[in-house]
1. How would B:17, B:159 line up by accessible area, probe 1.4 Å, largest first?
2. Which residues belonging to the range A:125-164 lose at least 20 Å² of 1.4 Å-probe accessible area when the assembly is complete, relative to their chain isolated?
3. Quick one: ranking A:173, B:173, A:221, B:239 by accessible area, 1.4 Å probe, largest first, what do you get?
4. Ratio of chain B's C-alpha Rg to 2.2 N^0.38 Å, to two decimals?
5. Counting partner chain Cβ atoms within 10 Å of every residue's Cβ in A:184-196, what's the average?
6. Once you compute Rg and the Kirkwood Rh from C-alpha atoms, what is the Rg to Rh ratio for the range A:265-442?
7. For peptide A:402-409, what's the mean number of Cβ atoms from other chains within 10 Å of each residue's Cβ?
8. Along the Cα-to-C-beta direction of residue B:216, a point sits 7 Å from the Cα; which residues of the range B:7-39 have their amide N less than 18 Å from that point?
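The values are calculated or read from the model by the stated rules, or taken from the named source; none is laboratory data. Quick caveat: nothing in here was measured; it's all calculated off a predicted structure. Counting neighbours? That spans all protein chains shown, and the Cβs are built from the backbone with ideal geometry, glycine included. Ligands, DNA and RNA are excluded from the accessible area calculation, which covers all protein heavy atoms including side chains. Shrake-Rupley method; radii C 1.70, N 1.55, O 1.52, S 1.80 Å.
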Amino acid sequence: MRPRLCRMWVVWAGAALLPAGCSDAFNAGPPRYVEQERLTTDFKDKPVLQGKVRAALAKHFGDAPNEIKVPEGSGLPLGGAYLANYVKQGDAVKSIAYVPATPTSGSSDPQPVEGGYGLYRKHCLHCHGVSGAGDGPTSSFLYPRPRDYRKGLFKFTSTPTGAKPTRSDLRKTIEYGLHGTSMPAFEALMSKAEIEQVIDYVIFLSLRGESELSLIDEASTSDEKDPEALSEDVVKDIIQSVAKKWQAAESLVMNPPTPRVEPTHASVMRGRELFLGLNKTGNKVECAGCHGPQAVGNGPTFVAQEVFNHIVFGGNPSAMPERVAELEKSDPKAYELWKTSLDEWGNPLRPANLNRGIYKGGRRPLDIYWRIAKGINGAKMPSHFPTLEPDKIWDLVNFVLELPYEPKLLEGAKLPEALPAAKTAGNAAPTASESIARGQGGL
Amino acid sequence: MRNWSLLFAAAAVASVLAFVYAPFSQEWWLPNASDNYWHVASSYGNQIDHLFILILIITGVVFIGTQVVFVYAAHKFPDAPGRVAKYIHGSQRLEVIWTIIPAAILVFIALYQMGTWADIKFRSAMPKVQPLAEITGRQFQWMMRYPGPDGRLHTDDDLFLVNDLHFVKGKPTLIYLRSADVLHSFYLPELRLKQDAVPGLTIPVWFDSDRAGKLELVCAELCGWGHYKMRGNVTIHDTQAEFDEWMTGKMREQSVDQLVSAQGSKGN
């Protein structure tokens with residue numbers, strides 16, 4: 001009877017202590033940035049340079065996520081204000097260390113500011129990961145995969161191909177989410193000021209990640225024995241050049257030179273001809289090569305839908321490499337197509353089904369114009385400006401926006417000339433590689 | 001160990017006191033209008049509250065009764081050295097009684113609430129109005145599709161918003177509720193409305209509010225790891241004109257084809 005009684009007391013005491021005992025104790029340790037694999041694999045015989053890269057990152061960005069340093073001239077709030085758990089006193093952000101909440105009565109008392117880091121941990125980290133590498137614990141269950149910020153590449157921007165997004169591009173993504181993906185809308189969950197703090201932190205992570213990549217590039221071509229290699233000045237230059245790209249973005253926004261063409265039937269039909277590559281004058285575009293003649297996203301330049309479904313959704317997400325290896329053995333031609341159907345991050349890619357009326361980058365005519373005119377960074381969607389005149393892009397915009405409401409627009413449409421029918425893409429060996437070349441060269 | 005019964009008694013008394021205190025606290029009681037916390041903003045809110053309170057009273061009485069018997073038994077018959085537990089096979093009469101009484105209570109509640117159910121959920125009771133919007137739950141947000149100026153859904157002037165519900169004070173409002181993936185539940189606590197969104201079904205749902213202001217829309221069905229972030233803003237406009245003005249503004253935002261600031265700088 002005695003031991004049993006004891007056990008009961010333990011249960012009761014545990015239940016009473018539970019609310020008070022919440023802590024990070026179950027975590028493996030304090031949060032740490034994930035390093036690029038290259039820093040280990042490429043530097044096996046260069047321990048000095050490897051150490052220099054690590055030291056440079058720690059010096060300019062902080063050793064760990066909870067010790068944030070912001071490089072000067074990065075355009076982010078100086079000293080990292082609002083990036084982490086700083087304390088707001090009146091209007092000024094006073095302390096760098098975390099100060100626990102104190103009972104407050106007036107605005108001059110210290111108020112804890114959650115900060116970009118705190119908000120990111122709460123809302124974003126479980127998908128985008130501690131380092132912004134898109135490797136959070138829920139990420140493997142998602143398609144499309146969450147963005148890895150460390151390349152400094154963002155898909156949906158208002159700036160030219162390859163350029164950084166503006167703050168308002170990131171703001172739009174956070175506020176309204178990306179439809180058709182797992183990125184939800186955060187407008188109702190955070191205040192305007194909080195969203196700005198999250199943007200700061202995302203830019204910080206991207207800046208850090210891209211600087212890491214540039215430092216690795218620089219170090220891998222440097223001489224291990226050279227004491228001047230990766231000197232302080234070089235490191236600063238590298239970080240500054242990344243930061244400058246972010247600052248330049250704001251002035252690079254592409255505003256359409258002409259306003260939207262009236263979405264009349266004639267304009268929609270002109271858009272349809274452009275989409276199918278049937279236009280008789282001007283530069284041709286081959287939207288249908290990727291998006292398919294019915295615009296359901298099954299063009300011959302991409303791997304067939306069944307193959308894609310099997311690899312991406314056909315089982316345990318972490319066993320995808322095995323399914324790809326299987327494809328390589330069973331169907332080498334489809335495997336060739338598979339390799340060209342990946343984005344810059346190495347993730348599988350699918351052209352949009354334009355009949356569904358779901359537009360990841362936004363549905364405003366301006367958004368669609370940007371997608372067509374300047375493409376999607378990191379994906380296969382190329383830029384079409386100035387290949388296409390703005391008026392023609394607007395015709396395409398009008399066509400794309402009208403298509404979900406007029407499903408018969410593309411009924412029975414075929415790919416022009418010798419492009420093979422979409423269904424047989426996986427097996428149509430002789431023409432498949434041709435059409436890849438055509439699809440990419442022509443676009 | 002007779003004293004254990006005192007702990008159980010204290011827990012029961014604390015629970016009962018919490019329920020007695022609840023109606024006097026705005027934080028604890030049902031969410032109501034900010035200017036008068038006895039007032040429910042929706043027209044069927046009182047019917048729902050009536051059922052809530054009736055069920056609270058029934059369960060309260062049962063709770064007090066069972067706790068009294070439980071504490072009494074624990075206090076009266078603690079373990080004692082030398083006493084041996086007695087085995088009985090059971091009592092058919094007792095079993096029949098404790099089956100019939102709860103069954104009768106459940107049948108009573110089932111019959112009693114039928115009128116309320118019919119008033120709120122039956123399609124014949126739905127207000128004969130054009131739907132305000134088609135709302136689709138997905139992991140993890142509420143996607144809202146308003147019919148736009150022509151008043152018809154699924155035409156090319158539809159307005160698409162996320163987590164942003166707007167309607168007009170005092171007007172019965174109808175929405176079509178859908179789900180894109182798993183079960184969600186459309187929950188407006190202040191208006192006493194909760195309706196599951198079921199994949200494959202389009203469910204008409206109606207509600208109204210006699211107060212203008214801002215509320216919160218939440219998901220009330222655990223729908224996945226991001227369930228907690230499935231929240232929306234609700235704005236109840238004072239007049240139709242105010243709503244129309246909001247809608248016109250949003251339609252303009254959705255049809256933007258130029259950046260205004262950039263256009264300005266170009267003109268200079």
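1. The ordering from most to least exposed comes out as B:17, B:159.
2. A:126, A:138
3. In descending accessible area the options line up as A:221, B:239, A:173, B:173.
4. This ratio for chain B stands at 1.42.
5. 4
6. 0.97
7. 1
8. Answer for this model: B:26-35.
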